[in-house]
Amino acid sequence: MPSRRSALALLAGGSAALALGAAPAAHAQDRPGARPFGRYGSPSHRLDAATLYVDARGRGDHTAVQAAVDAATGPGRTLVIAPGTYRETVDIPADRTGLTLIGASDDPHDTVIVYANANGTPRPDGSGTYGTSGSATVTARPAGLTAHGLTFANDWLRADHPDYTGTQAVAIKVQGDRSAFYGCRFLGHQDTLYADSLALTAFARQYYRDCYVEGDVDFVFGRATAVLDGCHFRTLARTDLTAAPYGFVFAPSTAGANPHGYLVRRSRITSTAPDGYFKLARPWVPSSDLTAHPMLTVRDSHLGAGIDTDEPYGTMSSGFPWQEQRFAEYRNTGPGARVTVPANRPRLTAAEARLHTAAAWFGDWRPYR
């Protein structure tokens, strides 16, 4: 099976996931006369004056995503991105409010934004390493960000750097309130999707629907108020470890004052690792916020055999055991949801479950409609 990097190095239309690494068919956009931006217009037939077009082959306004972000000043801009692999880091400032990113083919396999920095990667200017946040391929700060049909990836590999201790490698860090992702893919290993906020006191609401996320250690993490709806989480096998656990799917770091952390609903977890080699979650209480009270609810979801049923939760830091956090499940199915040790499977009552909904999490914001 090819590595993530070799899969991405095919055409962007090939799956970049380790489990989905087959060679791609030719893009429809590659045929003579094809339109690289599909149904979303073109520079000569713009949807509106606020729309910019990105194409690595030069058929748009810009050849790089960052260049388009830099040009998209003012609120409510749209970037339509043609199929291709965009190997770059992208930093979206907070003042790009209401920005929309669209993969032109509507298939996230076709349009990939990818880079390969890790926590321990040295900065070119010699000022130290990137750190976890600095490793992100995409950093998205603005409120009201929306993305459709894109892949965000970090293809840094532990095997290439066995001397690194900082192996976190973020595909995207999302910080803005009212951020929504529809039909997107997030590919990495450790710390793939960083669903966070701009500050400890900022309760950023984020919505992920019909998305695919893969990784191994804490690959959905942060302090956002996030609903992950109808998503597919894929845990990856590891060749550097000989025993369980290989990692954790979720690592929320919800602020203690925030009543809502991560809500996972109508989703599924599958695995390329042996049965029972992954834990569902562990709480992250960062040194920057020792008052954090991590919260995760997983409900109405299918948990595959990769989840350890005896001990589905773990503790990241001594002094902050998972049992003292806000972890709960409700009406999950599948072999990974089997209750073998009741004390280790905190469950909501039906009355409590009625309070764990997208409407409760988001208030007057309704991205799920």
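The values are calculated or read from the model by the stated rules, or taken from the named source; none is laboratory data. Being a predicted model, the structure only gives us computed values, none of them experimental. No Cβ is skipped: glycine too gets one built from the backbone with ideal geometry, and neighbour counts run over all protein chains shown. Just so you know, the surface numbers come from the protein's heavy atoms only, side chains and all, with ligands and any DNA or RNA stripped out. Shrake-Rupley method; radii C 1.70, N 1.55, O 1.52, S 1.80 Å.
Here are the numbers for this structure:
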quantity: Any chance D55 is modelled with pLDDT of 90 or more, open to solvent by less than 80 Å² (accessible area, probe 1.4 Å) and closer than 23 Å to H189 by Cβ; calculated: no
quantity: T192 vs. criteria in contact (Cβ under 8 Å) with a residue 24 or more places away in the chain and more than 23 Å from R158 (Cβ to Cβ); calculated: no
quantity: Residue ranges of strands (runs of 3 or more DSSP E) in region 69-137 with at least 1 members within 26 Å of R178 (Cβ to Cβ) and touching a residue at least 60 places away in the same chain (Cβ under 8 Å); calculated: 78-81, 100-103, 111-115
quantity: Selected residue [at pLDDT 95 or above, acidic (D, E) and within 30 Å of H189 (Cβ to Cβ)] from D91, D61, D48, D95; calculated: D91
quantity: Residues located in region 317-338, provided they are farther than 19 Å from S271 by Cα and part of a loop (DSSP other than H, G, I, E, B); calculated: S317, S318, G319, F320, P321, Q325, R331
quantity: Selected residue [closer than 21 Å to V170 by Cβ and buried (at least 24 other Cβ atoms within 10 Å of the Cβ)] from R223, R238; calculated: R223
quantity: Any hit, region 94-106, residues being in contact with a Lys or Arg (Cβ under 6 Å, 6 or more places away or on another chain) and farther than 14 Å from P142 by Cα; calculated: no
quantity: Options T146, T73: the member that is within 29 Å of A226 (Cβ to Cβ), of a type in the set (S, T, N, Q) and either under 25 Å from the mean Cα position of the chain (by Cα) or surrounded by 15 or more Cβ atoms within 10 Å (Cβ to Cβ) (or both); calculated: T146
quantity: So F248, is it modelled with pLDDT of 95 or more, outside any loop (DSSP other than H, G, I, E, B) and open to solvent by 10 Å² or more (accessible area, probe 1.4 Å); calculated: yes
